[in-house]
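Novice: One structure coming up, written as structure tokens, with questions to follow.
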Amino acid sequence: MTDMKAQAGTGMQPARPQLIRAMNEQLLLNQIRQLGLCSRADLARLSGLSKPTVSLALASVERSGLVRTAGQRTGVPGRSAVLYEIRPEAGYVLGLDIGHEYLRGAVTDLTGEIRAKAESACTAASVRRRVSELIRLADGICAAAGIARDDVTQTVLGSPGVYDPKLDAITLTGGMAGWDKPEVLAGLRRAFGEKLAVENDTDAAALAEREHGHGREFPSFVFVSIGSGIGMGLVLGGQLHRGAHGVAGEIAYLPITDGPGGDVGDDEVRRRGTLEAVGSAAAIVRAARRAGLRTQSARQVFAAAAAGDDRAVAIVLGTSAVVDGCLASGADLAWRRLTAQLAQSQADQAPVALDGDQAGALPAVT
């Protein structure tokens, strides 16, 4: 009676058997995806679940078509063990990345193997046409993979900005004019389904770094993208940290008063953030032209600096000082606030990765 009163007072309820079964099945699926061929005994040992529980969970996911038997383990003492693997064709994930200049995408099967990928230049002048270009890219990728778009289990869109559930729109979209209108998401959902997931593009890159890059070696790290825009993804204790309102990585809005492209207007600062307005690829090009260089992209400015052009060198060094200074002050504040929540974050060992579609000369910092 005391326990029931305590649960009623806290609003907590015991987990239902259906929920526990679903959690066990998800645990086993994740382990099979990570390890490849597994036997029941392997899964019981690694998961800590009992062998009967593992058998029940495996039978359920096998009936669902998510896993299949893949032969038997031989050459060891005792009975040969049945091995299980993920059924690749059980589901497909379509990942799309929309930027200022390019659209990119890929489709993978349930094992994570890339079946097809493609990119195209973004030439649309309106939001509606930009969505249409994204749909055409997705259709082409699916066709190359030999599947229909209806066969896709989940579509994820990496986009500048942050999803605001109150507005049901993508906000803080920087230089992508009109991308913060509610009709953008409405059009995307009509094309890709109501289960469309929208992820901040730099946060998505940080998750990729955690799974496939330097992040595999560290529980906590910072991923910084410097290109057409500037953004940051923050992983603490192996988990993506979004902040209370999802804007933990929006470092483009850090305050700054000087830089190579510091002659920006108030409208651009409000739209893109101070740091992005004065330290982005567009700002570098603007500074280069002011210095007398005939360049069309930040990549050309970096190439000129590498070739020894003094004007380009001064611009690159000025940009690096601006960005490094803001990152140093902003990251120090962020780390002091955020890592205090983690008892063993090991944040002092975290690498900082710099990446960007226009900042090819900026190396990764580890």
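What follows draws every value from the coordinates through simple rules; no lab data is involved. On a predicted model such as this, the values are computed, not experimentally measured, just so you know. Reconstructed Cβ throughout: ideal geometry from the backbone, glycine too, with neighbour counts over all protein chains shown.
Novice: Counting other Cβ atoms within 10 Å of each Cβ, which GluC sites (Glu not before Pro) in segment 35-144 have at most 12 and sit in a DSSP loop? Please list the in-between numbers first.
Specialist: Details: sites: Glu62, Glu85, Glu89, Glu101, Glu113, Glu119, Glu133; in loops: Glu101, Glu113.
Passing sites in segment 35-144 are Glu113.
Novice: What is the order of Lys181, Lys195, fewest Cβ neighbours within 10 Å to most? Before the final figure, lay out each step's value.
Specialist: Numbers: Lys181 15, Lys195 11.
Fewest-to-most ranking of Lys181, Lys195: Lys195, Lys181.
Novice: How much length is gained on full extension from Lys117 to Arg190, taking 0.36 nm per residue of separation minus their Cα-Cα distance? Let's see the in-between values first.
Specialist: On the way: separation 73, 0.36 × 73 = 26.28 nm, distance 2.24 nm.
Stretched out fully, the Lys117 to Arg190 stretch lengthens by 24.0 nm.
Novice: When the chain is fully extended, how far beyond the present Cα-Cα distance does Ala124 get from Ile20, taking 0.36 nm per residue of separation?
Specialist: Values: separation 104, 0.36 × 104 = 37.44 nm, distance 4.79 nm.
The span from Ala124 to Ile20 would gain 32.6 nm if fully extended.
Novice: With the crude spin-label approximation of a point 7 Å out along Cα→Cβ, what separation in nm comes out for Glu62 versus Arg136?
Specialist: 4.8
Novice: Just subtract the alpha-carbon distance of Ala244 and Arg311 from 0.36 nm times their residue separation and send over the number in nm, one decimal. Don't skip to the answer; put the middle values down first.
Specialist: Working: separation 67, 0.36 × 67 = 24.12 nm, distance 4.26 nm.
Result: 19.9 nm gained on full extension.
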